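Okay, structure first, notes after.
The values are calculated or read from the model by the stated rules, or taken from the named source; none is laboratory data. The model shown is predicted, which means the values in this text are computed figures rather than measured ones. For neighbour counting, all protein chains shown are included, and Cβ atoms are generated from backbone atoms with ideal geometry for every residue, glycine included.
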């Protein structure tokens, strides 16, 4: 039985992976609905944020429909632009998102900010954090190594169509040339 009406699951989803899916499933175990807040929505075509907000929404929708089945109807996906002010971030989310009672996150700062705002802050069990994290996936793609192990099969072809790995390589190459290295 859900304890909360609605919980926020923030992330950059660069790219969406099984760690994200696991966290969203955890949120749905504790709430009637989950709001997936796609952070850094204004960022794209950088190594840290290679995908656009629109690409992330499409990929995440497809992955969640495949992984959650009918529970997908309990999800909202909302892009959120960064404000670069931690103390005001939860208020920023309150202004943009449907009403919520707390957050599900493995990020300590996010948990602190929600607790400070008097909201619930749930830490989910991490799903294979040593291999299922966006930074590692992007580094593997950059180095031409197998990066798709933690990416849902339902979106692998879409990532190939977008040119995820080649985009990361071109971005990294461009950064090296710009720095003179």
Query raised in the report: Any residue at all in region 81-89 that is touching a residue at least 40 places away in the same chain (Cβ under 8 Å) and touching a helix residue (DSSP H, G or I) at 6+ places or on another chain (Cβ under 6 Å)?
Result: no
Requested in this report: Name every residue in region 109-148 that is over 30 Å from residue 4 (Cβ atoms) and touching a helix residue (DSSP H, G or I) at 6+ places or on another chain (Cβ under 8 Å), in order of residue number.
Outcome: 138, 141, 142, 144, 146, 147, 148
Query raised in the report: With respect to residue 152, is the statement that it is at pLDDT 95 or above and surrounded by 18 or more Cβ atoms within 10 Å (Cβ to Cβ) true?
Result: yes
Report task. Could you tell me whether any residue of region 13-31 is part of a loop (DSSP other than H, G, I, E, B), at pLDDT 95 or above, within 14 Å of residue 107 (Cβ to Cβ) and more than 9 Å from the chain's Cα centre (by Cα)? Result -> no
Query raised in the report: Failed condition for residue 5, given (1) farther than 21 Å from residue 154 by Cβ; (2) in contact with a helix residue (DSSP H, G or I) (Cβ under 8 Å, 6 or more places away or on another chain); (3) assigned to a strand (DSSP E or B), with all others met?
Result: (2)
Query raised in the report: Can you tell me which residue in region 155-170 is surrounded by the most Cβ atoms within 10 Å (Cβ to Cβ), limited to those that are assigned to a helix (DSSP H, G or I) and free of Cβ contacts under 8 Å to residues at least 40 places away in the same chain?
Result: 165
